[in-house]
Structure formats: structure tokens, C-alpha cells
1. Classify segment 152-209 as rounded, prolate or oblate, taking a ≥ b ≥ c as the square roots of the eigenvalues of its Cα gyration tensor: rounded when a/c is under 1.5, otherwise prolate if a/b is larger than b/c and oblate if not.
2. Which of rounded, prolate or oblate describes the chain when judged by the alpha-carbon gyration tensor and an a/c cut-off of 1.5?
3. So how tilted is helix 200-212 from the main axis of the chain? Cα-based, degrees 0 to 90, rounded to 10.
4. Would you mind checking the tilt of helix 2-19 against the longest principal axis of the Cα atoms of the chain, expressed as 0 to 90 degrees and rounded to 10?
5. So for segment 23-212, averaging the separation of alpha carbon pairs under 8 Å that are six or more residues apart and normalising by length, what relative contact order in percent results?
6. What order do you get for 179-192, 95-108, 28-41 when each peptide is scored by the mean count of other beta carbon atoms within 10 Å, highest first?
7. For helix 147-158, what angle does its Cα long axis make with the longest principal axis of the chain, in degrees from 0 to 90 and rounded to 10?
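Values in this text are rule-based calculations from the coordinates and carry no lab data. Just so we're clear, the structure is a prediction, and the values are computed from it rather than from any experiment. We place every Cβ from the backbone using ideal geometry, glycine too, and count neighbours over all the protein chains shown.
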């Protein structure tokens, strides 16, 4: 009787593994404006699909709506997993249309951009409840201890969302990863360059480690 129970348990385990639907992980890209979220999303998407997913610009708030790339199969060594990449508009505590005038926009264009950017921030916050894990992308050349960064990480921590902090732009001489690590010592920090692709293999390794948590 005990033997039959063990045999049934063995075959049930085998069949459940064979027919189990693999979960697609919703991986969110969050961070302040112009930290390189879209550049990193593009880098990952291009590495595994050959296609970029977001437009990038020096103008603040280039990404003003949620952009998704579904069923991206990320691979590291002998591991692979399906992800939906979710590129979110940059979080800001203040958006002033006058900031856009510096980029040769007229008043009407600048005000429309500011309106769309504000809506984008609201949309980003709403999506916090829909992502499974998050890459918080910070500019390693900037002071990480800002109100925006604290707000983003605090909101994710309150939801118990797994977080990996990505210190981007390490290809620049003014970057300081240690400063990011000191600001958020409770989280893993990985330094990369979305522009050059530096340290991306290490990032993929840490993404898989993040999923295990």
C-alpha cells in the first residue's frame, strides 16, 4: 500500500513537471528620469530578440507610457526563463514644462510634454502592483540618495517586490558604484553600462538570483 502510494507520487511529480505551464516573469524597469532604463531595456531585448523596444533621447521623459516586450527568453549559462520586459516612464517629484523649453520646444509642445510626463509617472506607480520583480536603474554618476530614489525603493519594499539595483553608466569616469552601495546597503547593487554592454553577463546572473528569492 505504501509502495503504491510512493509510485503514484513519483508519476504525479513527473507528469506535473511535464505539463506545468512555465510562468512568464514580469520584469519592471524603474528609476529616475534619464538614468538609462530604456537603454537597458533595449540592451536586454536586443541581446535575446535582436530588436529594441523603446526610443531613447537626451530629452527628459522620452518614455511617457508603459512599453512592454513580451516573451523574451533570457538565458544565462544553462538556465533560461521567459520574461515580459516592462519599461516604465521615469519617476519624478516635480515636472515643469519650462524644463522642456531648453530642448527647442515651443510653449505648446513643452506643456503637452509635461502633461504626458505627469500622466506617465502616475501610470508607472499604478504598475508597481503588477510587476513580479524590478530592476531599479540609477545613474552611477549622480548622487543616489535622492527623494525620487528613496520613494521608488520604499514603495517597492512596502510591496515586498524583489529588487535589484542597477548602477548604470559605469563606463563614465565620474561613476561611483560604491556611493550607490552605501546609499542602499540592504540591496544587491550591480554596476553596468547599458550603452557599451559592460558587465551584462553579471547582470543576467543576478536577475536569475533575484527570481529565486
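1. Numbers: a/c = 2.38, a/b = 1.43, b/c = 1.66.
Here segment 152-209 falls in the oblate category.
2. Judged from the Cα gyration tensor, the chain comes out prolate (a/c at least 1.5, a/b above b/c).
3. With both axes taken from Cα atoms, the answer is about 60 degrees.
4. 30
5. 23
6. Packing order, densest peptide first, comes out as 28-41, 179-192, 95-108.
7. 20
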